[in-house]
Amino acid sequence: MMPSSTAVGFTARRQCPMLAAMDWQQMADIFSRMPAPERQRWMLLGVGLLALMLAVLWLEARHFQRRQQLRGWARVRLVSLVSAPLSVAVLLAPALAVSGPAALGVFILSLYMTAPLVWFGSHLWAGRGASPPLSVAQSLGLGLSGLAVLSIPVFAYLMAEGPLHAAAREIGLRRQVPADNPSLQHTVHPVRRHTLPGVGVLYSQSLQGGSDMRLLRVEQRKGGQWPEHPTAHPAYCTHGNDIHLLWPADEQPPYLRLEWAQANGATVRAEFTPDLGTAAAAEPAALTATFRDDGLDPSVAIPRARAILDIVKPGQSPYTQLLGNPPGVGEVWTTDCVMAGFTTRTPGPDWSVQSISLVVYPPLGGPPRVGTIAR
């Protein structure tokens, strides 16, 4: 279950640097989690920028008032309020509608042709229709000064991204759920420990969903931010309303945001991260599996994104199946977990599942660790 985002929009954001800025919702989330003194400093900065924008508009109004053209100035500025979002839409919409490298070319074309035509054309039209009318130079001047006013929040937005990313990383390291975090409608089972040669110690935990709720979405926070597009999630998987977590001991426990619908239809969103203090004190149990020709029954649920199957047939080369790949033609997934009762598609008759391998990528880089459970 992933955050909704179209492939087209994602491609356009990758190709157009101006479209790759931090999402507003991400910024609001980070801002709300800042310590109160730091949040107040940001608010003072915002008030200062707003005062600067109002000061520019006040100087404009004074200038046109002395020339007895205040009504014309007001008409043009009212048109600016409509023209600004329209120009932004003309700038971004074509790039978001195109996939691949062409998105950048469309964005540049709109930046230098379509958007300026809409912005300055609307100012010329408004100035000409004013009473008394404004000259072409005055209308174009108001267009330029309007861009200067609009550039203040845009520049502030771009300058704030670096500090906000740093704040997001700091928030991610704190790993504290919000004070007003709603209670989960899941039964939270204790953390368990497992061993797998080649990987080492792994932790697992299951969240069992209730019958009076419906799980809608699960997201994992990375670097203090929530994903803006679909990503692989090797640390957890879902089965119906249940969530199963599996992560190596050298990684931080996954920090999740769950969204579910209650019986009355209301949507609830809450955050969760495992508490290692609930891990069983007993020695870790070996991660094992019982194999069938068409699948296996592992002792703990394994996210598909982390699993690789080896399928064999006498006299044939082994067939490797990357379970994290998208579903094949005609294949329907009811879960992204490899768990008891898991069945896979084999290349044909007489093929059987021989082993399952778990791939773990070290958090600080380096070659992956691979642990294999063989038949």
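Whole number please: convex hull volume per residue of the Cα set in the range 83-171, in Å³?
Per-residue hull volume (Cα only) is 120 Å³.
More than 25 angstrom separation, counting every C-alpha pair in the range 243-375; what % is that?
39 percent
Taking the number of other C-beta atoms within 10 Å as the exposure measure, put His239, His194, His244 in order starting with the fewest.
Ascending number of Cβ neighbours within 10 Å: His239, His194, His244.
With the cut-off at 1.5 for a/c, could you classify the range 7-174 from its C-alpha gyration tensor as rounded, prolate or oblate?
Oblate, because a/c is 1.5 or more while a/b does not exceed b/c.
Alpha carbons only, please: Rg and Dmax for the range 145-241, in angstrom.
When restricted to Cα atoms, the range 145-241 yields Rg and Dmax of 19.9, 66 Å.
For Met53, Met113, Met339, which order do you get if you count the other beta carbons within 10 Å of each Cβ and list the fewest first?
The most exposed by this proxy come first: Met113, Met53, Met339.
Rule-of-thumb check for the chain: C-alpha Rg over 2.2 N^0.38 Å?
1.34
By how many degrees, 0 to 90 and rounded to 10, does the Cα axis of helix 24-33 deviate from the longest principal axis of the chain?
Relative to the chain, helix 24-33 is tipped by roughly 80 degrees.
Helix 36-66 against the longest principal axis of the chain: what's the angle in degrees, Cα atoms only, rounded to the nearest 10?
Roughly 30 degrees between the two axes.
Can you give me the C-alpha center-to-center distance between the range 266-293 and the range 199-229, rounded to a whole angstrom?
With the range 266-293 and the range 199-229 each reduced to a Cα centre, they are spaced 11 Å.
Treating the beta-carbon of each Lys and Arg as +1 and of each Asp and Glu as -1, no other charges, what is the dipole magnitude of the range 286-374 about its Cα centre, to the nearest 20 debye?
So the magnitude is around 220 debye.
Each value in this text was obtained by applying a stated rule to the coordinates, not by laboratory testing. Keep in mind that this is a model prediction, so the values were computed, not measured. No Cβ is skipped: glycine too gets one built from the backbone with ideal geometry, and neighbour counts run over all protein chains shown.
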